[in-house]
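The values are calculated or read from the model by the stated rules, or taken from the named source; none is laboratory data. Bear in mind the structure is a predicted one, so any value in this text is a computation, not a measurement. Cβ: placed from backbone, ideal geometry, glycine included. Neighbour counts: every protein chain shown. Ligands, DNA and RNA are stripped out before the accessible areas are found, and what is left, the full protein with its side chains, is counted by its heavy atoms. Shrake-Rupley method; radii C 1.70, N 1.55, O 1.52, S 1.80 Å.
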Amino acid sequence: MKRICFIVDSIFSFGGVQRVTAVIAKALAKDYDVTIVTMDDSSIKNTSFYDLQEADIHYRFFQFPSINPLKDKCCKLYSALFRKLLPQTRLTSDWYAHSSFPSEKRNALTKELKAGNYDIIIGVHAPLAVRLTSCKSQLRGIKLIGWIHNSYQALFGKHSHYIGSELKKHYEYQLEKLHKIVVLCQYDAQQYHFPTTVIYNPLTLIPGELSSGASKRFLAVGRFSRRHKGFDLLIKAFHLFAQNNNEWTLDIVGEGEEETLYKKLISEYQLEKRITIYPFTNHIQSYYSNAQVYVLSSRWEGMPLVLMESMSHGLPIISSNLPVCKEIMGDFGLYFENENVDQLAQQLECATQLDWKKKSQEALEIAKRYNLDTIIQKWKSIIKE
């Protein structure tokens with residue numbers, strides 16, 4: 001039986017990456033020996049998160065050691081030079097790989113990964129995938145896979161909050177050294193200068209009751225992280241929409257650092273009776289079942305799980321015109337120009353006039369394409385190669 005390791009920043013916390021990793025790991029654990037190496041604190045282990053207790057998965061908790069302060073300063077100095085002054089070549093990239101990931105940390109991670117005698121190691125997210133590259137020479141005989149969860153634009157775009165365009169060359173030089181890179185959509189695959197494999201994320205929950213289409217509720221779900229999900233844009237657009245509509249309401253489900261901002265906007269627009277914020281829940285299905293239209297207002301996405309979740313409950317979708325969303329939904333979605341509040345408000349109005357039953361049936365048909373069994377077969381193909 002092949003031994004597979006997922007290395008993650010976190011598995012016992014709220015997030016789309018954590019959830020899809022858990023779902024894929026649980027499915028693979030039926031046929032393989034699966035371990036998750038996480039940087040979570042061991043004290044927060046809770047396998048009821050994403051129903052991880054349903055599968056026979058091993059867990060190992062890892063923390064990087066501290067390094068010598070003088071060495072740390074030297075490494076940071078070179079890293080700063082690489083980002084701002086040095087030519088971005090394969091050689092300087094290799095040096096940066098070592099300066100940004102000093103030997104103390106590199107050797108500790110290598111020791112941890114070698115101890116598991118894994119056949120395959122999957123680095124979840126681009127930064128950890130790059131860390132695997134730095135350990136490759138010491139992990140001979142092990143297939144190393146990078147699983148990229150952010151869109152290409154989110155990682156390398158001008159306003160990236162993850163990596164930044166100054167490290168685009170470095171990440172590509174390093175990622176191409178891995179045995180396989182998995183990305184989430186065809187559009188992103190075309191952006192890289194080396195071959196990648198596209199595996200869509202699956203529907204990660206068991207749908208609840210289908211929506212009746214009669215609630216006059218818009219729904220948005222996601223982490224309240226900096227600018228990402230665009231809930232500030234949605235609240236502003238709903239304010240414009242509400243000036244000519246006094247029936248529809250908006251539910252936003254999630255938690256995070258921007259909650260205070262959203263509540264402030266709601267208060268400023270005096271929409272406390274029209275917009276309600278609910279905390280994260282493991283029983284999100286009830287919100288989909290009680291909604292009439294789903295709204296994705298994100299400024300960027302890797303592959304938004306909420307699209308499959310909402311469509312599996314029969315919901316029509318309003319979405320920013322991100323390439324991945326158009327790839328998933330085609331002509332089904334009601335699109336608006338990314339960050340265009342006026343267009344979003346217009347689509348909110350259009351959604352109230354939809355042939356809802358027709359759109360609901362289309363939603364259910366699209367959701368079927370992303371069932372777990374289909375996606376797992378693609379992962380097994382990579383594992384067997």
Exercise for the section: Please find, within segment 8-33, the residue that is surrounded by the most Cβ atoms within 10 Å (Cβ to Cβ) out of those that are at pLDDT 95 or above and touching a Lys or Arg at 6+ places or on another chain (Cβ under 8 Å). Expected result: LEU28
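Would segment 176-189 turn up any residue that is aliphatic (A, V, I, L, M), open to solvent by less than 10 Å² (accessible area, probe 1.4 Å) and under 22 Å from THR89 (Cβ atoms)?
Here is the first cut: in segment 176-189, the residues aliphatic (A, V, I, L, M) are 178, 181-184, 189.
Now restrict to residues that are open to solvent by less than 10 Å² (accessible area, probe 1.4 Å): 181-184.
Those still in the list that are under 22 Å from THR89 (Cβ atoms) too: 181.
Checking segment 176-189: at least one residue is aliphatic (A, V, I, L, M), open to solvent by less than 10 Å² (accessible area, probe 1.4 Å) and under 22 Å from THR89 (Cβ atoms).
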Practice task
Considering each of LYS326, LYS264 in turn, give the residue that is charged (D, E, K, R) and either touching a strand residue (DSSP E or B) at 6+ places or on another chain (Cβ under 9 Å) or open to solvent by less than 40 Å² (accessible area, probe 1.4 Å) (or both).
Solution key: LYS326
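Considering each of LEU128, LEU77 in turn, give the residue that is surrounded by 15 or more Cβ atoms within 10 Å (Cβ to Cβ), assigned to a helix (DSSP H, G or I) and hydrophobic (A, V, I, L, M, F, W, C). Even if it seems obvious, please write down each step before you answer.
Values: LEU77 fails: surrounded by 15 or more Cβ atoms within 10 Å (Cβ to Cβ).
Residue meeting the stated conditions: LEU128.
Mind checking which strands (runs of 3 or more DSSP E) fall wholly inside segment 231-300 and carry at least 1 residues that are of a type outside the set (D, E, K, R) and in contact with a Lys or Arg (Cβ under 6 Å, 6 or more places away or on another chain)? Step through it out loud before you land on a result.
Details: elements: 249-253, 275-278, 293-296.
Those strands (runs of 3 or more DSSP E) span 249-253.
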Exercise for the section: Determine whether segment 91-110 contains at least one residue that is surrounded by fewer than 17 Cβ atoms within 10 Å (Cβ to Cβ), part of a loop (DSSP other than H, G, I, E, B) and at pLDDT 90 or above. Expected result: no
Practice task
Output the residue which, of all residues in segment 10-69 that are over 30 Å from SER103 (Cβ atoms) and of a type in the set (Lys, Arg), is farthest from the chain's Cα centre (by Cα).
Solution key: LYS30
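Among ASP41, ASP72, ASP56, ASP119, which is modelled with pLDDT of 95 or more and loosely packed, with under 15 Cβ neighbours inside 10 Å?
On the way: ASP41 fails: modelled with pLDDT of 95 or more; ASP72 fails: modelled with pLDDT of 95 or more; ASP119 fails: loosely packed, with under 15 Cβ neighbours inside 10 Å.
Of the residues listed, the single one that is modelled with pLDDT of 95 or more and loosely packed, with under 15 Cβ neighbours inside 10 Å is ASP56.
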Handout entry: Failed condition for VAL182, given (1) touching a Phe, Trp or Tyr at 6+ places or on another chain (Cβ under 8 Å); (2) within 26 Å of SER310 (Cα to Cα); (3) at pLDDT below 95
Key = (3)
